[in-house]
Each structure stands twice: as C-alpha cells, then as structure tokens.
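Heads up: the structure comes next, in structure tokens.
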Amino acid sequence: MIRHYLGMAVARFVAAPVTSLASVVTFALGLLAVVAVSGVITYWRSSDAQIAPLDRAVIFTSSAVLGEQKMGAWPRTTPALAKYLREDIPELKTVARFWPRGDVETSTGDHSVVLQGSNVDPAFLDIFKVNFIAGDAKTALLRADGIVLTKAAADRLFGGQPALGQPLVLVGKYHMIVTGVIADLPQPSHFTSEGMYRARFDYLTLMPPEQGSEAWGNLIVETYALLPEDGSLGREQLTARLAQLVDKRTSPDVKAEMSVTMGVAGIEQVTEIVMNALLFGISGGVLSVVAIFSGLGMIVLAVACVNYANLQTAQIIGRAQEIGMRRILGAGTFSILMQSWLEAGLAVLLALGLAGGAVWLAAPAIEAQTGVDIVGALLRDPAELGQIAGAAALLAVIAGLYPALVVSRLRPNDALQARKQRLGSRSAVRVMVGIQFACASALLITMLIVNQQNAHLRATALNTGADPVIVLQAQSRTGVSLETLRQRLARYPAIKTISETRDMPWQPGESTSRMGRTPEAARSAPEVIGRSVGFDYFDIHGQKTLAGRVHSSDRDPLKTNRYDKIVIDDVYARQLGFSGPGAAVGERIFRADGDASEIIGVVEARPYDIQSEADGGALYSLVTGHPGAYPLIRLSASDVERGLAALKRVWAELAPSVALDYKFEDQLFEQTFSTFERVGRLFLALSILAFLISSIGLFGMAVHMTQKRRHEIGVRKTLGSSAARVVGLLLADFSIPVIIANVLVWPVAWLGAQIYLSPFVNRIDIGVLPFAISLGITLVIAWAAVSAQTIRAATVQPATVLRRA
C-alpha cells in the first residue's frame, strides 16, 4: 500500500510540476537556513575537539559586580584560582592556566619579529595534546627559560632551519632556549580566535609565580581543568563546589567591595560565551547567541512549513474531482492523510538534497565571509546530521497535516460536480500568510537595524579626518621614550602629530567610574568611560574643542598621570546636567569618596570602544611618559609611504634590535568589528530566505484565493466593474494580512533591537525608517507575487466563469 501511495505522490509531482517545484524550493530554503545555522553552531561547539577531550576539559568563567559596575560571564579568572582549585578540590588533578601576553618583541640576535606570546602552566600540555614536531611535550615547559614555538613562528625566526635548542631573547632582556616546536592547531580552536577576544599564541613559556591571592577582579588568565575520568565530579557538582571555594577564599573586605560568581563551562562553549558577552554585555548570561540563531533558523523553517500548506491547499482546487472520486471509491481519512504526508515527504526529501547541495557549493564563500567551515563541522558530527534529518521528517508530517485536513472535509458530491468548493477557511489562509510575513518582517527589521548600527559604527569610528593614525607597541616593551621619538620625528613633514594613550583604541578593557557634581550624587551618577591620554591627543583624531581648553605641555607639565584636571565630552556634560559645554568649564566633579577633578574643557564626543557597560560619555585625564602607554602617530594622507619610511628609519636608529610593531587604527577597528559584521551577514541571509519563502507562499495564496473568487469576479465584471478595479480589489485583499502582520510584529522587533543596541557605546536612535522600509518591501513583494494571478483573474471573460458556476 505504501508503494501505491508513493507512486501516486510521484505521479502528482510530475502532473503538477510548477506547484511541486515551488513546494520543493520552499522546503529547500527553510532547510537551508536550518542546515546553515546548525553548521555554524556545530563549528563553534567543536572547538578544540581534535586536541582536547570535550567530555572532560572545562574552562572557568567569572562575572563580577564591583560597586555599581557589573560584568557579564567571561572565560577568564584571577591567576590565584588555580592554586585554590588544587587545594580545595583535589579531585581536579590537572589544572592549568593560560595567560595571553599580546605582542612581544622576540629576537634571535640580528633578527627580530613581534610574536603573540603566552605563559602557561606545564599541565597545559596535559589538557591540550598539541602535535610536537620537535621536542617532548613532557619536558618542554619544565625549565624556566624554555620556550615552545609554533611552526609558523619558528619559520619566521629561523627561516626554516631547525629551531630546537636555539637561543631567543624576549623584549630585549629575557634569554630563552627553544625546547619545542608544535604544528599549527587544527581548526576550529579558540586559541586562534579573532575579534575582541583573542587567545592566539605564537609561543608558550612557563607561567610566572602566582599573584595576589585576593585579586578576584584581576581577570587576566584562562584557567582550565580536566574532570576525573571516573565521572566522580561532573560540571554541576564542580559549579557547586566552586561557589563554596569563592565564599571561603574571599575576605570580608573583598566581599564588601565586590561580589564574584564563578562558573564552569566546557571548552566547546568558549566561543558561545565570548559572543554572548560581546553582543549582549551583562545580559550575556541570559541571552544566548546560539539560542537566538537556532530560533531564527526554526522560524524560517516554520515559514516554509506554513508556505507548503498554502501551496498544497491552493493545488487541491485543481484536484477536486480526483479527490472526490477517491472518496466515493472508499478512500478514508487515514488514506487521505497518508497520501498527503507522502507527498510532503517526497518534497522534503528532494528539498533536503537540494539544500545540502546548496550548502556544499556555498561552503567556500561562507567560510570566506564568516570563517566557519560548515560542511566540515557537520561531517565531523553525524549526530547533528541525524538531528537535521529528524527535523526534516517532522517537517513533512506537520506540513502535510493541514492540506490533508482540508481534503478530508471535501464533500465528494460537490467535488465531482465541480461546484464552488469550500476548501479550507479563507481566514485560516490569511492567518498563515500573515504568520509568514510577520516572521519575515521581524527578520528584515532586525537586519536593517543591525546593519544600520554597523554602518553608523564604521562611519563614526573612522571619521578621524583624512590622515591615517598608527599605534605603536607600548613603550615599556621597546625602551624608546615618546619624547625621544617625538624629537627625532619632528623634522619629517609627513609626520603630523604624535601623542600617546594608555588604552589601545577599539580593544576591550576600558576603565569606568561614577562621578557627580557632589560626592553624594556620584553614587547614582551615570557610569563614564575614563581615558588617560597625552598632549595633542585630540589633534591626533581631529576631535574639536567645544569649550575651554585641552591638556597642553605649557600649562600642564608633568611626567606621571594627572587626574585633578580633566577634559570631558559633550555627552558626559549633558549627563552631568550642565546646560551646555561652556557651563561645565571650571566646575568640579566628585567621586563617591570625595576626590575631585576640575573640568578644564569639553570636546565633541568620539567613540574609541564598540561596546561598554558605561552609559556613554567619556572623561580624559592626562598621562605623559608612562611606560605602559601606546604612542600614536598621525601621518599625512598625501605622504603615507614617506611617513612610514621615516618612522622605520628613526626606529632603526633608536632601537636597532627591537622590531617595529605598528597597526593602523582602522585595522584595529576592523579586527574588533568583525564579530558584529558576521552577525549582520547572518541576519541578512536569514531575512532573504524568509522573504523568498513568503513570496512563494503568497503566490500560492493568490492561486488559491483567485480560484475561489472566480465566480465573484465574473459577477462583478457583469455588473460593470473594470479589470483595473478588480485588480485593485484583489491586491487590497492580499495586502491586508501583510499589513496586519507588519504592525503586529513591530513591538517585538523594536524590543529585540533595543536589546541588541543596549551594549553599544555609540548607538543609533531607532526611528520609523526600518519599520517603514519593512512595510514597503513586504507590500512590494506581495504585489509582485500575486500580480500575475490577479491580472489573469481580472481579465477573464465573465461568460466563461458564469457558465461553469
């Protein structure tokens, strides 16, 4: 019997190729969204699977509240946690820390390069089984002067010659011996991550002695552990023990200042945790990027399911006599349901192959745009492929249910006489179309706002004038003072301005504080970003002075940090309640402990962070000659190459053994901004899929409704209605569910956009434009989808219709 039903399904597919193909394409687009989202999530969650046991390897997370300052879960801890774990939870026999040190000048004598350095505990190589090309993993990190290089770093330093046993010098003073060379890490791995969280390393050296036992807020290391093989300590049990550890090891004084919550996560969750923190700030513990994208993929699939029901319901009209004959010959409800499900199953099976082929062909482009190997991730995880196949089977059952129920209510006598059939509820069809366009509109509005915010960030971030700005490595790593560098570069016209900053632009880790016009007001004042900058900092970035003055060497001479005289931006001036920039100059503002700072000037707001827990606004204190500051150099846009050549020449004279490491500010921005761009691209892709599916579904609705209203149209034309008037009537009828769907989904889209925008330092105001564009696009798509059917129905001869009534 199944063979008979399947044969009929194939025959029906061949007999109605256009509708059948539309059904297959509908399912394929929905499954494409699910496969793509599943591939991305699987890729994230397979991080480091090739070098660590994901069932046992864990990483510890921290979230803290320091006064009014809150921080979401982040996969870093205090260095002291490892010691506490070994002492208080002895079941954890393998605990190791990883401390990324950033750019480090590394030399072999006459050759110097900048590498990404990291300190680790020896047990790090017990958790992560990296592939040693040279050396022994058991002994490579046992000596204090040992250094393990990646193959790429070894090639840069030694030009392909054997590196094992060779001497190295770090930052000009630490003499090391190469004790191992490891192969490049297999992907995916969170040790080669990009964006604001970077744990990439070119070399590993031994972790220095443990630091401050009470420094719970000093979140600088990743702390890893292996759970016991016998399963005696799981993640949930470890989380409970961890809470006891924190309570025991935190002194009353520290508890009074801050509260710390420690968590446990699998290695495979690192990417997800980081993205949650980056995209949702302190809400990252509640909102999950994986849950959101999974939900969006299921929404697109649900749209495809509803769409198929619409298409099949429309097709039933043309099959009315066939169905009536089958009912007369004894076909029962189960038989009709089985036939409908097999037809849906055949469409889903073909769609699954089509979606899989599309993903396979698009995989290189997807990897180029997002850095994610979808196909590789899915092929490495058969269980995920099984879940996709299960979702496809469930889709066939659900999608085929409504058309089958419609058919089961069809009266055989009416069908055989080709009379006016009541095939499904007209309002139900409208509701289904409305659901499709509600989902598509919500995705479109979100996509528009995400991309509008991204465009705004890019425009404001790179609006520093035509001249490029470069950032050098910190002075403490080079031994070259800023003043010396300034004097030597002053004779080159291609070098316009030189300054310094304690905070690397567009990198995380900004300091925040609360200040008010009285100490009491400071306790509830807006949180502000604090920046320590040198002379000429505002000239470097073309930041205009709106009132007062900025720091200058003739009026503010010093060689250390200075907080008594500050510059604020106009956003912070408004937050403090000043009537304008001029009203703030000369006023004093206070911290809660009574320390005061005088406002000497107000400048225009300029973001140097993408996201922050602060409420917007910034204050600038003065720093000069600090060894941890980063020099900033503004080059002439018309002579960039000559400016760089001058910098390299002077650097070679001042620090011949130190590699010059510089980055353009716009490169730093792009590096950090990449995560947000990828999210925007994913929203765009899902929005396009949803609209394609909805358009096909509206075409099905047009076929369905115009068939049902043929008699009505014939009567109207007999009574004098023109074709144009009938077209207008039908278009208005089709537009109603689209308009209602848009209006109903607007509050949901607005709330989602507010959540997305909340962590950004410089966010857009949500205006009516995204909502108006969404409504306009959905209406245009709706009219384009139904126009052919409405025109065809409106131009039919009335006698033809009435003769068949």
Exercise. For segment 71-90, enumerate the residues that are closer than 30 Å to residue 513 by Cβ, in a loop (DSSP other than H, G, I, E, B) and not hydroxyl-bearing (Ser, Thr, Tyr).
Key: 75, 76, 79, 80
Quiz prompt | Within segment 513-531, considering residues that are of a type in the set (Ser, Thr, Tyr) and over 14 Å from residue 620 (Cα atoms), the one least open to solvent (accessible area, probe 1.4 Å) | solution = 518
Practice problem: Test residue 599 against the stated conditions and say whether it is open to solvent by less than 50 Å² (accessible area, probe 1.4 Å), modelled with pLDDT of 85 or more, of a type in the set (Val, Ile, Thr) and over 30 Å from residue 495 (Cβ atoms). | Solution: yes
Exercise. Given the conditions (1) open to solvent by 40 Å² or more (accessible area, probe 1.4 Å); (2) under 18 Å from residue 530 (Cβ atoms), report the number of the one that residue 554 does not fulfil.
Key: (2)
Self-check item: All positions within segment 354-388 that are open to solvent by less than 50 Å² (accessible area, probe 1.4 Å), in a helix (DSSP H, G or I), out of contact with any Leu (no Cβ under 6 Å at 6 or more places or on another chain) and of a type in the set (Gly, Ala, Ser)
Solution: 356, 357, 362, 363, 376, 377, 386
Quiz item: So, in segment 388-408, of the ones that are modelled with pLDDT under 80 and among the β-branched types (Val, Ile, Thr), which residue ends up farthest from the chain's Cα centre (by Cα)?
Solution: 407
Exercise. Could you tell me which numbered condition residue 177 fails, if it satisfies all but one of (1) among the hydrophobic types (A, V, I, L, M, F, W, C); (2) surrounded by fewer than 16 Cβ atoms within 10 Å (Cβ to Cβ); (3) out of contact with any Lys or Arg (no Cβ under 8 Å at 6 or more places or on another chain)?
Key: (3)
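Okay, residues lined up against (1) under 30 Å from residue 592 (Cβ atoms); (2) modelled with pLDDT of 85 or more; (3) open to solvent by less than 50 Å² (accessible area, probe 1.4 Å):
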position	(1), (2), (3)
459	no, no, no
480	no, no, yes
490	no, yes, no
509	yes, no, no
Self-check item: Inter-residue pairs, beta-carbon under 9 Å, first farther than 12 Å from residue 36 by Cβ and in segment 674-691, second among the aromatic types (Phe, Trp, Tyr) and modelled with pLDDT under 75, 6+ apart
Solution: 675/197
Exercise. Taking residue 104 as the residue in question, decide whether it is buried (at least 20 other Cβ atoms within 10 Å of the Cβ) and modelled with pLDDT of 90 or more.
Key: no
Quiz prompt | helices (runs of 4 or more DSSP H) lying entirely in segment 224-282 (those with 2 or more residues that are surrounded by fewer than 21 Cβ atoms within 10 Å (Cβ to Cβ) and of a type in the set (Asp, Glu)) | solution = 235-249, 252-257
Quiz item: Just wondering, is there one or more residues in segment 91-113 that are farther than 30 Å from residue 157 by Cβ, without any contact (Cβ under 8 Å) to a residue 60 or more places away in the chain and not in a helix (DSSP H, G or I)?
Solution: no
Quiz item: If you take the residues in segment 154-174 that are open to solvent by less than 30 Å² (accessible area, probe 1.4 Å) and not in a strand (DSSP E or B), which one is farthest from residue 201 (Cα to Cα)?
Solution: 163
Quiz prompt | Flag for residue 610 being in contact with a His (Cβ under 8 Å, 6 or more places away or on another chain) and crowded, with 19+ Cβ neighbours inside 10 Å | solution = no
Quiz item: Counting residues that are of a type outside the set (D, E, K, R), which strands (runs of 3 or more DSSP E) fully inside segment 611-698 reach at least 3?
Solution: 618-622, 630-635
Quiz item: Among the numbered criteria (1) open to solvent by 30 Å² or more (accessible area, probe 1.4 Å); (2) over 17 Å from residue 622 (Cβ atoms), which single criterion is violated by residue 547?
Solution: (1)
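The values are calculated or read from the model by the stated rules, or taken from the named source; none is laboratory data. All values reported here derive from a predicted model rather than from experimental measurement. A quick note on method: Cβ atoms are made from the backbone with ideal geometry, for glycine too, and the neighbour counts reach across all protein chains shown. Ligands, DNA and RNA are excluded from the accessible area calculation, which covers all protein heavy atoms including side chains. Shrake-Rupley method; radii C 1.70, N 1.55, O 1.52, S 1.80 Å.
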